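*Asks:* Provided herewith is a single structure, encoded as structure tokens, for subsequent inquiry.
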Amino acid sequence: MRALESLARACAVAGGLLLTVITLLTCASLIGRNTIGLTLAGDFELTGVAAGAAIALFLPWCQVRRGNIIVDFFTARASAATNRRLDRLGALLLALVMLLLAWRSTLGGLNAWDSHSGTMILGFPEWVVYAAIVPPLLLTGCIALWQALGPGTAEEPA
């Protein structure tokens, strides 16, 4: 699990750096537009592309830290053992969903590659976005699978 946690941390750092770069790009575009009348063409396209990739990059760290929302209205009075079993079941379901998303995103990326599809203004290749989101989706799925099936992983992180 330590290796998965290190990879998740690296993904989160990459996501943060990506958001920082896109924020600086947006600021430069806005300042240029409002001061000297120049803007960066396609800045909103790059923002959308980067935001999607950043969200995917934050998912593994969120799963490592068990940062997903848990609604415990019905399980507040359940035993600790029952809650652990339900947490494992939830992690298993999340793993299945993440692995399904990774698989379908891979197919979408291959289709974008074959069709040479790109964004409207810049023509930024869409397959790059798919290539950026598949690894963190796979990593999130692996982390959740470890939490669901691994030994003694249902406890809260330290």
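*Asks:* Is there a residue being aliphatic (A, V, I, L, M), surrounded by 12 or more Cβ atoms within 10 Å (Cβ to Cβ), within 30 Å of Glu126 (Cβ to Cβ) and more than 14 Å from the chain's Cα centre (by Cα) anywhere in the stretch 42-60?
*Replies:* The answer is yes, given that some residue of the stretch 42-60 is aliphatic (A, V, I, L, M), surrounded by 12 or more Cβ atoms within 10 Å (Cβ to Cβ), within 30 Å of Glu126 (Cβ to Cβ) and more than 14 Å from the chain's Cα centre (by Cα).
*Asks:* Restricting the first residue to the stretch 111-122 and requiring it to be touching a residue at least 60 places away in the same chain (Cβ under 8 Å), which pairs with a second residue that is surrounded by 13 or more Cβ atoms within 10 Å (Cβ to Cβ) and charged (D, E, K, R) meet a Cβ separation below 9 Å and a spacing of at least six or different chains?
*Replies:* Pairs that qualify, where the first residue is touching a residue at least 60 places away in the same chain (Cβ under 8 Å) and the partner is surrounded by 13 or more Cβ atoms within 10 Å (Cβ to Cβ) and charged (D, E, K, R), are Thr119/Glu45; Thr119/Glu126; Met120/Glu45; Ile121/Glu45; Leu122/Glu45.
*Asks:* Out of the stretch 14-37, which residues are surrounded by fewer than 12 Cβ atoms within 10 Å (Cβ to Cβ) and of a type in the set (A, V, I, L, M, F, W, C)?
*Replies:* Scanning the stretch 14-37 gives Leu24, Cys27, Ile36.
*Asks:* With Arg65, Arg104, Arg88, Arg77 as the choices, which residue is among the basic types (Lys, Arg) and touching a helix residue (DSSP H, G or I) at 6+ places or on another chain (Cβ under 6 Å)?
*Replies:* The match here is Arg88.
*Asks:* Kindly indicate the residue of the stretch 99-124 that is in contact with a Gly (Cβ under 6 Å, 6 or more places away or on another chain) and modelled with pLDDT under 95 and also surrounded by the most Cβ atoms within 10 Å (Cβ to Cβ) among those meeting that condition.
*Replies:* Filtering the stretch 99-124 for residues that are in contact with a Gly (Cβ under 6 Å, 6 or more places away or on another chain) and modelled with pLDDT under 95, the one surrounded by the most Cβ atoms within 10 Å (Cβ to Cβ) comes out as Phe124.
The values are calculated or read from the model by the stated rules, or taken from the named source; none is laboratory data. Note that the structure is a prediction, hence the values are computed from the model and not measured. Here Cβ is always computed from backbone atoms with ideal geometry, including for glycine, and neighbour counts include all displayed protein chains.
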